[in-house]
Structure formats: structure tokens, C-alpha cells
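Here is the structure we will look at.
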Amino acid sequence: MFDISDYQYELPPERIAQRPADRRDRSRLMVLERATGHTRHLRFDDLRSLLQPGDVLVVNNTAVVPARLVGRKPTGGRVEVLLEGYAAARKDYRPGRPFVCPCLVKAAKPLRVDSRLDFGENLRARVLEGGQGRYTLAFECPGDFEDLLARIGRVPLPPYIRRQTAPAADGRDGSAYQTVYAVHPGAVAAPTAGLHFTGDLLARIRAAGVRVAEITLHVGYGTFRPVRVSDIREHRMHAECFDLPAEAAREINRARQEGRRVVAVGTTCVRTLEFAADAHGRISAGSGWCDLFIYPGYAFKVVGAMITNFHLPGSTLLMLVAAFAGRDRILAAYREAVARKYRFYSYGDAMFIA
């Protein structure tokens, strides 16, 4: 149960979704019952029939920023930069000052401290410190860095979406790789379970008596970082910036006190809620850094059901859903999804686990 080999499965490459569904809410939806392992196969817009009046549906309202920049070194060499620490850097930034941010950098040769990078549009960066592909850069431009980033930055698509190597990202990604309820900029990867919702579906869910609570967890690129230890208990989770408003905490605590179900949309919501809960499952409002690693053996305190996509073999996300539903049942469900030609990963289909 704790060996990395326990979280592997065979996935044909053609099952990895390379583009979003034509309609968000027309993705397929596998329903998995934890108690029995029984599965059903619906469409995502059938979700309303799976939710009960009084349920609290918790969504992550982070917004993906165009955090990928392509520039040149003084020698003319190409450099790719991902603003990995954008969420934290944004809190300290004021227009007219340098935007100082930890970054992942891809270049033919290591960068030198104090060297300059040019990204065009009067945007330049100075290397403050770092090495081995991780550097702190100070970005400088005449106006507001965030406005300029919105114009020239690219959507940082996951590494398994192959077309990201093209000269420019597909034009649909700017909107498709963003939830309809995205409000607070800060993520460098989307909370992908939420990509299936439309405004109309959410309105119908609310009309059916389901409460919707919004929290924020700015998804970091560490979500794609592989587990490199054989014993998963030795893995250290990357930390991500979160904010849990008092209104959401009250809604969730009231639901639990009254025996109503908390349904988390995505692993980001699951981790945030469980991190913010005390031993009795009471949620505390506040902000901070979530580094909770959930794997089998974890006792869930808050979440009663979850919506999630299909995750990479050996990933911390697969371990989380295995903790929630049971490793054997999750892997059996994944084998069934492969056989039924479900679409996997960020732009893929979804599961409802209850």
C-alpha cells in the first residue's frame, strides 16, 4: 500500500486528452460508489441528479495566470520561464516596482547571477539567485507587470499536452483551461475537476437546493512533480497558497453539524478542507500554505463525496483518490475507464466518488 509500484496502471497514450471537450458539461462522468465498488456511466451534466438538497458543493475559484514567458539571454540564447511562485509574489507587488518571483527556467546553459533576460514588450528580468533550473528573477517593465503578463504570457499547459511545444499555445486554452468561476489569479495549473462546469449547470444545481461554497487554492506546478521515492510515506508535498473565507467555513461547518454532505470539486478542495479542519472536522477560516499529503490510511474529517478527473500513474493525486475510495477500487475503476475509452488527465473526463 505504501510502495510507489502500488499506484501504477497501464494507459494507452491515445487516452490522454489533448484538447478540451467541445462542451464543458458534455464530458463523460463515471460514478463510483465507495461502499460497493459499483460504477455507473453518465454525462457530466447529469451531476445534478447525484447531488442532494442541502449538499454543500465546494469549488476552488483560483484563476490560472499566463505564467509562461519566452525570452532571450544576452547571448541570444532562448530561455523559457515559468512563474512558479506567482501567487506569493503577487501579494508583495506594487506597480512601478520589480516583480520578484521564484521561477522554473529552461535554458541551454545555467544562468548567471545578475545576468539579464529580455522578453520583448519592454519586459526584462535580472537573475537574483538560484541554480539547477530554479531561479529568483526580478522582472522590470515601465507599467504594470500583471497587465503586461496578461498580454504576452502563455498558458502553462501540463507537460503531457504535446502541442505546448508549438510556437504559440492553441487560442482556446486561454478560456478552456480556466473554470467559469475563476476569480483570484494565482494558479499556474488549473483545478481541472472544475473545468466541466458551466454557468447554466451551476445555476441548475443551486436551484435544486445545493449550496455552493468558494475557497481558493493556487495550484502550483508541483502538482505535476513525480514521486521519486519508493516508499510514498517519504514523499514531501509541495506547498500551495490558500485562502478559506469565513463565509465558506460557516457554510461547511453548519452542513456537517446538520448531517449534510460536503462535496469537494477536485483534489485541491479536498486537500484544503482537510488541512483547515481540526480533529473533529471543524473548519477554520484563514490563509496560509497547504502541504497536506493524503494517501491511503488517511482518515477524512470533512469531505463526504468528491468530483475529480482521472490522474497520472504514481501521482500524489491518484494516491489521494485511492485514500478516499480504496486503492483496489480506484485501480479497478481506472481499468474500466481505459476499457470504455474515457479521456484522461486535465482535459479528460470526470469521476463522482461518493
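The values are calculated or read from the model by the stated rules, or taken from the named source; none is laboratory data. Predicted, not measured: the structure shown is a model, and the values here were computed from it. Cβ coordinates were reconstructed from backbone atoms using ideal geometry, including for glycine residues, and neighbour counts include every protein chain displayed.
The number of residues in region 126-137 that are surrounded by 16 or more Cβ atoms within 10 Å (Cβ to Cβ) and either farther than 12 Å from L82 by Cα or aliphatic (A, V, I, L, M) (or both) comes to 4.
With (1) within 28 Å of M319 (Cα to Cα); (2) without any contact (Cβ under 8 Å) to a residue 12 or more places away in the chain as the list, and A207 as the residue in question, which single condition is left unmet? Here A207 meets the rest and fails (1).
Given A138, A182, which one is part of a loop (DSSP other than H, G, I, E, B), modelled with pLDDT of 95 or more and under 21 Å from C241 (Cα atoms)? Of the residues listed, the single one that is part of a loop (DSSP other than H, G, I, E, B), modelled with pLDDT of 95 or more and under 21 Å from C241 (Cα atoms) is A182. Inspection of region 59-75 identifies no residue that is closer than 22 Å to G220 by Cα, assigned to a helix (DSSP H, G or I), touching a Cys at 6+ places or on another chain (Cβ under 6 Å) and not β-branched (V, I, T).
Note on region 221-231: residues that are modelled with pLDDT under 90 and either buried (at least 20 other Cβ atoms within 10 Å of the Cβ) or not in a loop (DSSP other than H, G, I, E, B) (or both) amount to 4. Screening R228, R271, R254 for residues that are among the basic types (K, R), within 30 Å of P102 (Cα to Cα), in the same structural domain as L331 (by TED's automatic domain parsing) and out of contact with any strand residue (DSSP E or B) (no Cβ under 8 Å at 6 or more places or on another chain) leaves exactly one candidate, R228. Of all residues in region 86-125, those being exposed (fewer than 11 other Cβ atoms within 10 Å of the Cβ) and under 26 Å from the mean Cα position of the chain (by Cα) number 2. Within region 320-354, the residues that satisfy the criterion of being among the hydrophobic types (A, V, I, L, M, F, W, C), out of contact with any helix residue (DSSP H, G or I) (no Cβ under 6 Å at 6 or more places or on another chain) and either under 18 Å from S230 (Cα atoms) or in a loop (DSSP other than H, G, I, E, B) (or both) are A323, A354.
Checked against the criterion of being closer than 30 Å to V302 by Cβ and of a type outside the set (A, V, I, L, M, F, W, C), the candidates D55, D22, D92 yield just one match: D55.
Would you check if G297 is more than 23 Å from C241 (Cα to Cα) and either at pLDDT 95 or above or surrounded by fewer than 22 Cβ atoms within 10 Å (Cβ to Cβ) (or both)?
On the way: more than 23 Å from C241 (Cα to Cα): yes; either at pLDDT 95 or above or surrounded by fewer than 22 Cβ atoms within 10 Å (Cβ to Cβ) (or both): yes.
Considered against the rule, which asks whether it is more than 23 Å from C241 (Cα to Cα) and either at pLDDT 95 or above or surrounded by fewer than 22 Cβ atoms within 10 Å (Cβ to Cβ) (or both), G297 comes out as yes.
Checked against (1) closer than 26 Å to C290 by Cβ; (2) in a helix (DSSP H, G or I); (3) at pLDDT below 95, L47 meets all criteria but (3).
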